[in-house]
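Below: one structure, written as structure tokens.
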Protein chains: 2
Amino acid sequence: MRRDIFQAIADPTRRAIITLIALQAMTPNALAEQFDMTRQAVSKHIKILTECQLVNQEQAGREIYYKLDTNKMKEIDNWLEQFRKIWESRFNQLDTVLSTIKKQKK
Amino acid sequence: MRRDIFQAIADPTRRAIITLIALQAMTPNALAEQFDMTRQAVSKHIKILTECQLVNQEQAGREIYYKLDTNKMKEIDNWLEQFRKIWESRFNQLDTVLSTIKKQKK
DNA sequence: TATATTTGCAACCAATCAGTTTCATATAGA
DNA sequence: TCTATATGAAACTGATTGGTTGCAAATATA
């Protein structure tokens, strides 16, 4: 059951949960109302997000408020970093290809 | 078999394939040499990446060179965009929380 | 105290996944 | 032409996934 962040965000329901609690902390019950599935199913998704440390919890009596840990989200951003350089330079490469085509047409 | 980019990058082998072909286009055989699994297994991963349009192919005789489609990678970046604002403002919130704690201690 | 609410956990199940082996096809080279 | 090489596709398999129902524990409220 050791899952990483990439597996965590692979599921559309979990991405939706992330988006919801990014705006404000929510209880499992409140979250479950937003989806067409049982509270327990949503709770299992929350558990996975918690195991990946994408989500923090805060107890308030018998209610538990879950909120997003944005620091963990940055790890996805960090992984993308290596490609960001490429797609920026790829732009330049495309420019040179296009200008070559233009020259050939002339 | 309709998978999205988030499911595509969930698998560690597929992320490794993406990293490898980001640097240079590679054939399935060359790619398979980098992993401890059969060529067919690697080919199945390539197929999934192709279906998600994360990967392009270029035929060269009987060889096929696969290369990364960086435009599709940007979609992940776009999804992260909504959280980037939050983790930047969260920084500020943390600052105010810390200063509040400091004041209380005094 | 008795009851209702909020939550997590365990057991179960059908569907999907990631790998395998086997086979067919197309191209390169002797 | 014959043989070796490069590739994809199909069938199969065990493990994992995402959902369900049922139950137990803790807290709030009458």
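Chain B holds its axis-closest Cβ, relative to the rotation onto A, at the residue and whole-Å distance B:A10, 2.
Position B:Q24: other-copy label points at 5.5 nm, ordered by increasing distance, label point 7 Å along Cα→C-beta. Could you pull out the pairs from A:K74/B:K85; B:K47/B:K74; A:K47/A:K85; A:K85/B:K74 whose alpha carbons sit more than 23 Å apart here? Exceeds cut-off: A:K47/A:K85.
Is the shape of region B:27-78 best called rounded, prolate or oblate, per the rule: a/c under 1.5 gives rounded, else a/b larger than b/c gives prolate, else oblate, with a ≥ b ≥ c the square roots of the Cα gyration tensor eigenvalues?
Verdict is oblate for region B:27-78.
What is the magnitude of the charge dipole of region A:1-86 about its Cα centre, with +1 placed on the Cβ of each Lys and Arg, -1 on the Cβ of each Asp and Glu, and no other charges, expressed in debye to the nearest 20? Write down the numbers at each step before the final one.
Working: 13 positive and 11 negative charges, 31 e Å.
Around 160 debye, computed over region A:1-86.
The residue list A:Q82, A:A60, A:I17 was ranked by how far each Cα lies along the charge dipole of region A:1-83 toward its positive end, using unit charges on Cβ atoms, and A:A60 comes out on top.
Across peptide A:73-80, the mean count of Cβ atoms from other chains lying within 10 Å of each residue's own Cβ comes to 4. Backbone amide hydrogens, once placed in the peptide plane, bring A:T27 within less than 5 Å of A:Y66, excluding anything fewer than 5 places away on its chain.
For A:L31, A:L68, the sequence from fewest to most other C-beta atoms within 10 Å is A:L31, A:L68.
Only the coordinates and a few stated rules stand behind these numbers; no lab work does. This is a predicted model, so every value here is computed, not measured. A quick note on method: Cβ atoms are made from the backbone with ideal geometry, for glycine too, and the neighbour counts reach across all protein chains shown.
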